[in-house]
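Below you'll find the structure I mean.
The values are calculated or read from the model by the stated rules, or taken from the named source; none is laboratory data. Nothing here was measured: the structure is a model prediction, and the numbers come from that model. All Cβ positions, glycine included, derive from the backbone under ideal geometry; neighbour counts span all protein chains shown.
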Amino acid sequence: MKKTFFIPILLVVLLVVAFSVRAEKPKLTDLPEQAGLYDVPGHPELKLRVFVHPDKPVKPGKPTPTIPPYTCIETDPNSLLSVDLAGWKLPNPWTVKLNVFSVPSTVGGSHLLAIVDNAFNEWLTQIPNKVTVNYNETTNVSRANLDNQNIIAWGNAPASALAVSYIWYKDSYAVEVDTIMNKKYTWYWSQNTNCAYQNVYDAQDILTHELGHTFGLDDMYTNDYANHTMYGYGSKGEVKKDTLTQGDIIGVQSIY
């Protein structure tokens, strides 16, 4: 009597087809690491803008074994040059989740809320009653992904990037924003807009710049914008991005 192997063979075929379909499905976690504007696989209605905020030396800073020197500056130069717009605005309200577990020990996870509060308020005070931002929720996610939550976290980023912002948007409105601070660098928080730890990066300084992208502003790279919060390069021992120039303010007010 002949035995039939029809059912097992059919099962194998179905498994092969299913695996092939799954393998061809775009992975939303495979995000570009270069700055630019991208299409979003599986979401033709969306665009993805990636901002990579580099340091001029383009090499990760070495760990600092002791507390670095603390230096205060007397002035933070102003500028009236308006910043370019990126092409979106935040809907109202807007909710952000903070990954307090990823914060470097030199900054302190307990300080993240204060840093975020200072950075957001620097922008929000210039557009009163236009956008309400809630950032009282936490998350353990530290990788950018289109997953319906806006995050601020320390995580992996390109070696030359101090921070990366991934902004998905549709019809001139942001849909999701993930901001990743590069954990490979040495970070501190000065807790003062006029003083900074030297030879390290200030968390609030760089985050305030990144939030400028969240609100809809572009990077500016010419030397005329060197004192702007939206200047495209970051530096060690810098806190001038903590406070906006008049040009940064003109830019964000033109959006809202």
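So which residues in region 226-252 are among the charged types (D, E, K, R) and more than 11 Å from residue 82 (Cα to Cα), if there are any at all? Spell out the reasoning first.
Narrowing region 226-252 to residues among the charged types (D, E, K, R): 236, 238, 240-242, 248.
Answer for region 226-252, where residues must be among the charged types (D, E, K, R) and more than 11 Å from residue 82 (Cα to Cα): 236, 238, 240, 241, 242.
Please list, ordered by first then second residue, the pairs with beta carbon atoms under 7 Å, 6 or more apart or interchain, first in region 153-179 and assigned to a loop (DSSP other than H, G, I, E, B), second among the polar types (S, T, N, Q).
Close Cβ pairs (under 7 Å, with a partner that is among the polar types (S, T, N, Q)) amount to 157/182.
Moving on. Residue 217 is checked against (1) more than 26 Å from residue 108 (Cα to Cα); (2) surrounded by fewer than 24 Cβ atoms within 10 Å (Cβ to Cβ) and fails just one. What number does that condition carry?
(2)
Within region 206-215, is there a residue that is farther than 25 Å from residue 93 by Cα and in contact with a helix residue (DSSP H, G or I) (Cβ under 7 Å, 6 or more places away or on another chain)? Can you show your working first?
At the first step, the residues of region 206-215 found to be farther than 25 Å from residue 93 by Cα are none.
Among the residues of region 206-215, not one is farther than 25 Å from residue 93 by Cα and in contact with a helix residue (DSSP H, G or I) (Cβ under 7 Å, 6 or more places away or on another chain), which makes the answer no.
Looking at this structure, is residue 109 surrounded by fewer than 19 Cβ atoms within 10 Å (Cβ to Cβ) and at positive phi?
Details: surrounded by fewer than 19 Cβ atoms within 10 Å (Cβ to Cβ): yes; at positive phi: no.
So residue 109 does not fit the description; no.
Would you check if there is a residue in region 227-236 being touching a residue at least 40 places away in the same chain (Cβ under 8 Å), more than 25 Å from residue 99 (Cα to Cα) and surrounded by fewer than 18 Cβ atoms within 10 Å (Cβ to Cβ)?
No, region 227-236 has no match at all.
While we're here: Please name all residue pairs, on different chains or six or more residues apart, with Cβ atoms under 6 Å, provided the first residue is in region 95-114 and is over 16 Å from residue 184 (Cβ atoms) and at pLDDT 95 or above and the second residue is surrounded by fewer than 17 Cβ atoms within 10 Å (Cβ to Cβ) and charged (D, E, K, R).
Final answer for the pair search is 97/137.
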